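This report concerns only the one structure given below.
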Amino acid sequence: MKIKELPIPESIKQVIIKSGITELYPPQEEAIRAGVLDGKNLVLASPTASGKTLIAELCALKHVLVKDGKILYLTPLRALASEKYEEFKKYTVARKRSGKRVRVGISTGDYDSSDSWLERYDIIVTTNEKADSLLRHRTRWMDEISLIVADEVHLLNDAKRGPTLEVVLARLMQVNPDVQLLALSATIKNAEEAAEWLKAGVVATDWRPVTLKEGVLLQDEAHFKDGGAIKIEKLSKNPAINFAVHVVKSGGQALMFAATRKNSVSLAKKAAADLKSVLSKPAKRSLTRVAERILAAGERTRISEILAELVSNGTAFHHAGLSSAHRKIVEDAFRNSKIKVITATPTLAFGVNLPARTVIIHDYRRYELGYGYYPIKVLEYKQMAGRAGRPRYDKVGEALLIAKNEDERDYLMENYVMAEPERIWSKLAVERILLSHVLATIATDFAHTEQGIYDFFGKTFYAHQYDPQAIREVITRILKFLYEENMIEVSGKNVYATKFGRRVSELYIDPVSAVIIREALLNRAPRITDISFLHMISHTPDMFPKLRPYSREIDGLTLFIDEHREEFMFEVPDEGMDRMDYEEFLGEAKLAGVLDAWIEETSEDETIERFRVQPGDLYRLIGAARWLLYASHELARLFGHKDLFLHLAGLMERIEKGVKAELLPLVRLKGIGRIRARLLFNSGLKTIEDIKKVSLEKLTSLPLIGPKLAKKIKEQIGGFVKAQEWKKLKESKEWEQQALTEYTRKSG
């Protein structure tokens, strides 16, 4: 089927044809014939790069341009949301019948907001969690949605992300029973079952635009499912890196999956060492420019310096610990074939568009605290393997698992390469997961009676797959907890959320965390300090990732607890009575110590070295701490603890910026982070007034403050920059740079 034959506006056809697409792939054509453009619900399950996104775009644009509808596009990750937002932006040239252009919006953060400003957009891209928070705030424009696109819908099977997606879909179908639903996935074995729940048709196919060869690599030989084999040169002890170098030498790119962020960085370093000798001089020059862009994107950190160094040698790591700016630079450079090898955590397999000729799954086992190592699901393997092969570039894509011996090779071939992915199953009926969703159902007035709550959860995917009675029993226990903790109240048959319950739901925190914070603010510590609040939030289930104390840290942490005993909001467990509770408290004390070091301006390197925490995890902790301090501030307001407002507000801002209180006025300036702020302060520029008075030339004489940033600072604080002064300064700096370049050239 040709693009020009589709029943869509001509302007959209032209945009698609200009992008190089003139006819549909078989799965796309099948989706059209299934009535997706006629408003019918559909589950589209087809491999990566088979064109699912284009179907979503066509549906969305028909809703906007022909039906004056509004579209909600759901994704599991912020990175994927940003990617989809950029893809939809190419259609903003199209105009609605009213003469207005198609408007695309995105929202992925700030869970305590209704984002009413999004009402003016036609296509709205969010994460599943953000959509959940918007529903909790009863955002009005959600009632106007005519099409929901649920990307990566197989994540219903994921214990962490699945329940939120499931509840969001059930809630949206309740809000608007006539909404069209398009669910996308690369891998669903029981697609028909998911489609039944969503009252949808189904298109499930294995068709791929690039042939996929799956196999196992043992030492220097890869054996494939189709009986073929490849022998490679043995350059190092790591077979995965040897194969990646082999791929690059033959003109391809490799994507390597590691189990953890730490492993992905380590693997990238090893790959860079072997890859740099393969790169041509023009390629190295191009990579140097990419590395410079990474260092220029925000303030330098340990993680940005490591990334830039690796990129200059043709490799990069990709995980959630990277900033969005760094992720985009890496992704663009990989798509443009500048970066040759990316090492990534499995989250990259959740739809981010970074296909490579070869995918190497370095680790097929995962470690979980308390459980040890366990093999991944076939479903996860298939998701990663599906990244292999670039449409329009490769005829064949290769996906390889790594084996250490022949027995393991046979095991991997039988249990992954030759195996079918598992069925997806709802993970909703876990009490700690369901707790916040039950509270939200009551707090947002989606149900007013106990029976109404049962009825709503009776419409979930869980109830579709299992006996609804099982979830009723869990809900009954949850309602008892919420009532005892004064989050809900009962009047006859009616159930209502209290002010406390409603605010907890809006703040998007675990009700257990809210109870912990409430009790801590009420009972207080004998002496309130920063440590009091930092340990308080570390004590909550929402603080993640948890840090476990290493044996060599026990003595130091015990001393830390003794020194700060009067500052803790909670009683220190007796080590002799309950060793597990005590060790958990040690981990919380360690976490509080990490956060305290951060706000006391301990360098990133020193923090990582002292606490043995990974750079990516450090920034996840900072993000979680900031939100929990905000929630604590809001709960203090609710319960009238006025004496704690200023302390919590200041601490929240210090956590976000990583500074002592004296630097807060400076770090509020755009372009000024903790390092530059400290440089300004130590040079005598301690206040905004000091910076107003200083000359532009004096400002640029400071380290890390160039002419452009100096001008930006002056403009922010209301300072006037004379055109003549700016021109003179710019010329001076350009001459200095030219002189430095010439000197460097002559000195060899």
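Quick note: the coordinates plus some simple rules give every number you see, no bench work behind them. Note that the structure is a prediction, hence the values are computed from the model and not measured. Counting neighbours? That spans all protein chains shown, and the Cβs are built from the backbone with ideal geometry, glycine included.
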For this session: Convert each backbone phi in the range 496-504 into a coupling constant with the Karplus relation 6.51 cos²θ - 1.76 cosθ + 1.60 (shift: θ = phi - 60°), then list the ³J(HN,Hα) values in order as whole Hz, x for Gly and Pro.
Result: 10, 8, 6, 4, 4, x, 5, 5, 4
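Greater than 30 Å separation of Cα atoms is the criterion. Which listed pairs, LYS67/LYS493; LYS328/LYS657; LYS213/LYS338; LYS160/LYS382; LYS237/LYS328; LYS225/LYS328, meet it?
Details: LYS67/LYS493 41 Å; LYS328/LYS657 22 Å; LYS213/LYS338 25 Å; LYS160/LYS382 19 Å; LYS237/LYS328 32 Å; LYS225/LYS328 34 Å.
Distance filter (> 30 Å) returns LYS67/LYS493; LYS237/LYS328; LYS225/LYS328.
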Exercise. Can you tell me the Rg and the Dmax, both Å, for the Cα atoms in the range 511-658?
Worked result: 14.5, 43
For this session: List every residue whose amide H lies under 5 Å from the amide H of GLN180, counting only residues 5 or more places away in sequence or on a different chain, with H placed 1.01 Å from N in the peptide plane.
Result: LEU147, ILE148
For this session: Kindly rank 386-393, 666-673, 557-564 from highest to lowest mean number of other beta carbons found within 10 Å of each residue.
Result: 386-393, 666-673, 557-564
Seminar exercise, completed: By the mean-Cβ-within-10 Å protection proxy, highest first, 396-402, 328-334 rank as 396-402, 328-334
Problem set entry | Most to least packed among 452-458, 525-531 [average Cβ atoms within 10 Å] | 452-458, 525-531
For this session: Report, please, the projected area of the range 329-401 averaged over directions, based on the convex hull of its C-alpha atoms, in nm².
Result: 5.5 nm²
Problem set entry | Net charge contributed by nearby residues that have their C-beta within less than 12 Å of PRO27 (K/R +1, D/E -1) | 0
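Within a Cβ distance under 12 Å of ASN128, other residues only, what is the Lys/Arg minus Asp/Glu net charge?
-1
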Problem set entry | From phi via Karplus (6.51, -1.76, 1.60), per-residue ³J(HN,Hα) for the range 97-105 in Hz, x at Gly/Pro | 4, 6, x, 7, 6, 5, 10, 10, x
Problem set entry | Cα gyration tensor, the chain - rounded (a/c under 1.5), prolate or oblate | rounded
For this session: Compute the signed sum of charges (Lys and Arg +1, Asp and Glu -1) over the other residues within less than 11 Å, Cβ to Cβ, of ALA592.
Result: -3
Exercise. Counting only residues 5 or more places away or on other chains, whose amide H sits under 5 Å from the amide H of LYS96 once H atoms are built in the peptide plane?
Worked result: ARG101, VAL102
